[in-house]
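My questions all concern the structure below.
Every number here is computed from the coordinates shown, using simple stated rules; none is lab data. Not measured: the values here are computed from a predicted model. All Cβ positions, glycine included, derive from the backbone under ideal geometry; neighbour counts span all protein chains shown.
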Amino acid sequence: MTAPADVLVYTTTYCPYCVRAKALLDKKGASYTEVECTERPEVRDWLVEASKQRTVPQVFINGRSVGGFSDLAALEKAGGLDALLAEAPEPDAPPMPR
């Protein structure tokens, strides 16, 4: 599956759950952009505001916060991940930190 969705995965270099989230997306054939934010406090601050979470990974699909690895895995188990990955992004979506 090649997904038309705009998928961003915010990660740090030392996070095993980040590796698992990317592996799940790879298994689904989803293309994504990894935003490494270990040394980027402004991105981490934005993440807390946007996702209400302090942990990584944080996954956004078409600008919507999906959550971390556990949330992504639960979405996959419930059968909802494919539908989100199949959605095209809104053309006028505001830019997100990359």
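Restricting to DSSP H runs of at least four residues, report the calculated mean residue ellipticity at 222 nm for the chain, -39500 (n - 2.57) per run over all residues, nearest 500 deg cm²/dmol.
So the helix-based figure for the chain works out to -11500 deg cm²/dmol.
What percent do you get for the relative contact order of the stretch 33-88 when only Cα pairs under 8 Å and 6+ apart count? The partial results should precede the final answer.
Values: 37 pairs, mean separation 10.8, N = 56.
Contact order relative to length: 19 percent.
Mind checking which of Glu87, Glu42, Glu76 has the largest fluctuation in a GNM of the chain, springs on alpha carbons under 10 Å?
Glu42
How many angstrom separate the Cα center of the stretch 48-98 from the Cα center of the stretch 17-31?
One Cα centre to the other: 12 Å.
Right, here's the next one. Restricting things to alpha carbons, tell me how big the stretch 7-84 is in terms of Rg and Dmax, in Å.
For the stretch 7-84, the Cα radius of gyration and maximum Cα-Cα distance read 11.6, 35 Å.
Could you pull out every residue, at least 5 positions away or on a different chain, whose amide H is within less than 5 Å of the one on Val66? Hs are placed 1.01 Å off N in the peptide plane, and Pro or chain starts have none.
For Val66, whose amide H was placed from the backbone, the distant partners under 5 Å are Val59, Phe60, Ile61.
While we're here: Quick check: net charge around Ala30, other residues with Cβ under 13 Å of its Cβ, Lys/Arg +1 and Asp/Glu -1?
Every neighbour counted, the sum reads -3.
Among 56-69, 7-20, what's the highest-first ranking by average C-beta atoms within 10 angstrom per residue?
56-69, 7-20
Give me the net charge for the shell around Val56: Cβ to Cβ below 10 angstrom, other residues only, Lys and Arg +1, Asp and Glu -1.
+1
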